[in-house]
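The values are calculated or read from the model by the stated rules, or taken from the named source; none is laboratory data. Owing to the predicted nature of the structure, the values given are computational and were not obtained by experimental measurement. Backbone-built Cβ (ideal geometry, glycine too); neighbour counts: all protein chains shown. Heads up: the accessible areas ignore ligands, DNA and RNA and are worked out on the full protein's heavy atoms, side chains in. Shrake-Rupley method; radii C 1.70, N 1.55, O 1.52, S 1.80 Å.
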Amino acid sequence: MNSFRRLTADGTRKLTPRYIKGGREVVYTTFAGPKLLRLTRLTVADGAVAAFHPEAAKSETEPAFSRDGRVMAFMQLRGALSLAVVIRDLERKEPAEVPPPGGFAGACNPGVAPDGSRVLFAIAENTHQKVFSVNAKGGDRKQLTDGVGADNWPSYSPDGGRIVFGSSRLGVYDLFVMNADGGGVRRLTHGPHRSVRPEFSPDGRRIAFARFVGGAMRVWVMDADGRGARPVVTDSEGDDYPGWHPDGRRLVVASQRAGQHDLYEVGVG
Amino acid sequence: MLDVGSFRTKTCGGVGRRAFLRLATSVPMALGASAAVASANPPTARARSVLFVFLWGAPSHLDTLDPKPDAPAEYRGPFGTIPTRTPGLRFTELLPQLAQQSHLFTMVRTHVTSESGHPEAGTVALSGFSERAGPVQPNFGAVVGKHRGPGGRLPAFVSLANGVPADASRRIEGHGGGTLTAANDPMMVGCSETGKANIAALQLLPGLTPAQIVDRRTLSGRLDRAARGLSGPAPENWGRREQAAHQLLTNPESRAAFDLSRETPATRARYGQSEFGQSCLLGRRLVEAGVPYVQVNYSQHVEAMNPGYEHGWDTHLYNFELHQDLHCPVFDRAFSALLADLADRGLLDTTLVVCMGEFGRTPRISKGGARDHWPNCYPSVWAGAGIAGGRVLGQSDRRGQEPAVGRPLPPLLVGTTIAELAGVDAQRRAELRVLDGGSVIHELL
């Protein structure tokens, strides 16, 4: 079993944790009551938690950051089933966004380039979600994937040259990698159950992801070429939402134990 | 674990009208309401209690209970399928725990309904009939409650949600007593993710403690003063409702039925830390205590992601993400725990469990990459009260669009079957003027 330690203890549902500030803090999504998703900041050393955007009155979720933490992207609820991708340069205080199209529409699962220059997201505009990218000001939009099936959870490699993502183009959700311009698509996993939420390790040599196996979601790690996939074994009822620590030796995961949901830091060597 | 006396709605004239009306409409079925018809179960009743688990908002049947992995990509969705314990029956991989309980239930895959909007279809789903001018037909729970009377000192019909089920526009008209009058409305009870029951009817009188309520004169005096504080005339049956509130509050067994802290941590964990999970556990406790009909609502509102609303099943956007990441993990854990717990305690023999939404969702994936409303085919789960487990009744077509094998089953037949199993036979239904034209789904029995 991999080593692990508990980071939170309130048992409420938690989603999409991401390390920031060299691993000293974790930003994640939690339920502030049944009606509000809130970005929350956890200080790892003392377990202190606080709202990341205390002023936020509408749901926010799915935080993503550039390598230095300067550029942040997240989803923000604007109206009935209408969400915007908000992009913030936390130093220059320059907000930008990808506004929601009209009606029930919106993107999801943003990913920020390591240098903060571009932001990925998935959005459905004609039946299935596809991966797009924009610059940090929300402009220069480019469609990176096409074809059948839903594409989701795009995430850059540390050098910004590749993008790993999930897709149902061949059936259930599997993982694929492509060049940053959308070319050179290659399949990494091969079912039969879904693999989702991939993320490159800080050195770019491995990919962590969540896979449904044995009746529960589990976190797995594989080499960046798709070989050597192995589970990150814990004693939980299920693990999900892996996020790499900057040192590349640990993951933060959302785990369920005894029906409660908390964040754990798990060693992966 | 009960909220009592914490409600604050006052005007300069005393208790406000809204607070008073909440009392007047939220304890209608407690002891005094229908003691005249309270009776032991008729000999024909197979179900001592009914648990109606209402997946209000409508789950996607293709992404849960009726997957179509061989359908074209525009239909099938991104999830794999898994076997259940029932030969030939497969669910999507989003319901692994429920798949392991399939020996306890019959799966029905050929429901149809006449409406495609939430409040309208909600009325049909709960009453069997469309809305009309004047009172709507009663909720199935009101029919059973009217016939059976309260369970001991507990109400005959409890609905678990933070308020009358609604969408952003309006509530379900068919949620309550309808033509059987508001006296047969359900008692609404909310339940937090930590298992704290919130009984609106018990939260009206500022400063009133359970100890004070034991003193009947104190309660009567408070209620009288509250009534005098209203701007309009006091509602009818005030004495009856006062009696009902008093009896619910003063009986330790009644209060205990709502107290989830009496459950072991392991049992609490089994259902999961979610509002729906703890509501299912509360539903089991109420059944155990003898309540004839409990409606467990997945959420009060259907909206999946709207400012100011909880997260419901109405997934016009992010259908796959919300099913995968929010709803199915919660539902799978809670509902499978409910079935297993009832079976473990020997309650499933005398408890009918029915689980369904008000319609399905479009088999063809929408332009927004999600699924919309689909009244032409959707599933249900039936367990207990002698219904055999490990069976599948009917089949949908290869894309989940229409019933293909077996007859279409509208909600009127669902309600008639529930009523029949709960002892409300055809003669009694005729006397009550309910479920007219309905017939029992004999294939289920």
Next on the checklist: Within the range B:381-403, take every residue that is out of contact with any strand residue (DSSP E or B) (no Cβ under 6 Å at 6 or more places or on another chain) and at positive phi and give me the one that is least open to solvent (accessible area, probe 1.4 Å).
Outcome noted: B:Gly400
Checklist entry - In the range B:92-129, which residue that is part of a helix (DSSP H, G or I) and of a type in the set (Ser, Thr, Tyr) is farthest from the other protein chains (Cβ to nearest Cβ)? => result B:Ser127
Checklist outcome for this item: Over the range A:1-31, the set of residues surrounded by 15 or more Cβ atoms within 10 Å (Cβ to Cβ) and hydrophobic (A, V, I, L, M, F, W, C) is A:Phe4, A:Leu7, A:Leu15, A:Ile20, A:Val26, A:Val27, A:Phe31
Next on the checklist: Against the condition in a helix (DSSP H, G or I), over 20 Å from B:Trp374 (Cα atoms) and more than 8 Å from chain A (Cβ to nearest Cβ), how does B:Leu338 come out, does it pass?
Outcome noted: yes
Checklist entry - Restricting the range B:360-372 to residues that are at pLDDT 95 or above, buried (at least 23 other Cβ atoms within 10 Å of the Cβ) and out of contact with any Cys (no Cβ under 9 Å at 6 or more places or on another chain), which is nearest to the other protein chains (Cβ to nearest Cβ)? => result B:Ile365
Checklist entry - Which ones in the range B:312-321 are open to solvent by 10 Å² or more (accessible area, probe 1.4 Å) and either at the interface with chain A (Cβ under 7 Å from one of its Cβ atoms) or of a type in the set (A, V, I, L, M, F, W, C) (or both)? => result B:His316, B:Tyr318, B:Glu321
Checklist entry - Looking at (1) in contact with a Lys or Arg (Cβ under 7 Å, 6 or more places away or on another chain); (2) within 14 Å of another protein chain (Cβ to nearest Cβ); (3) not in a strand (DSSP E or B), can you tell me which one A:Pro192 breaks? => result (1)
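Yes/no per residue for (1) modelled with pLDDT of 95 or more; (2) among the basic types (Lys, Arg); (3) on the phi < 0 side of the Ramachandran plot:
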position	(1), (2), (3)
B:Val354	yes, no, yes
B:Arg407	yes, yes, yes
B:Pro410	yes, no, yes
B:Thr416	yes, no, yes
B:Gly423	yes, no, no
Checklist outcome for this item: Conditions (1) modelled with pLDDT of 95 or more; (2) closer than 22 Å to A:Asp181 by Cβ; (3) open to solvent by less than 40 Å² (accessible area, probe 1.4 Å) -> A:Ala124 fails only (1)
Next on the checklist: So B:Pro155 ticks every box in (1) open to solvent by less than 10 Å² (accessible area, probe 1.4 Å); (2) of a type outside the set (S, T, N, Q); (3) at pLDDT 95 or above but one. Which box is left unticked?
Outcome noted: (3)
Checklist outcome for this item: Scanning the range A:32-52 residue by residue, those closer than 21 Å to A:His245 by Cβ, within 19 Å of the chain's Cα centre (by Cα) and either open to solvent by 40 Å² or more (accessible area, probe 1.4 Å) or at pLDDT below 95 (or both) turn out to be A:Arg41
Next on the checklist: Quick check on this structure: which one of B:Leu95, B:Leu89, B:Leu65 is touching a residue at least 60 places away in the same chain (Cβ under 8 Å) and surrounded by fewer than 24 Cβ atoms within 10 Å (Cβ to Cβ)?
Outcome noted: B:Leu89
Next on the checklist: Going by what's in this entry, would A:Val172 be described as free of Cβ contacts under 8 Å to residues at least 40 places away in the same chain and touching a helix residue (DSSP H, G or I) at 6+ places or on another chain (Cβ under 6 Å)?
Outcome noted: no
Checklist entry - Does the range A:44-56 contain any residue that is within 14 Å of chain B (Cβ to nearest Cβ), more than 30 Å from A:Ser117 (Cβ to Cβ) and part of a loop (DSSP other than H, G, I, E, B)? => result no
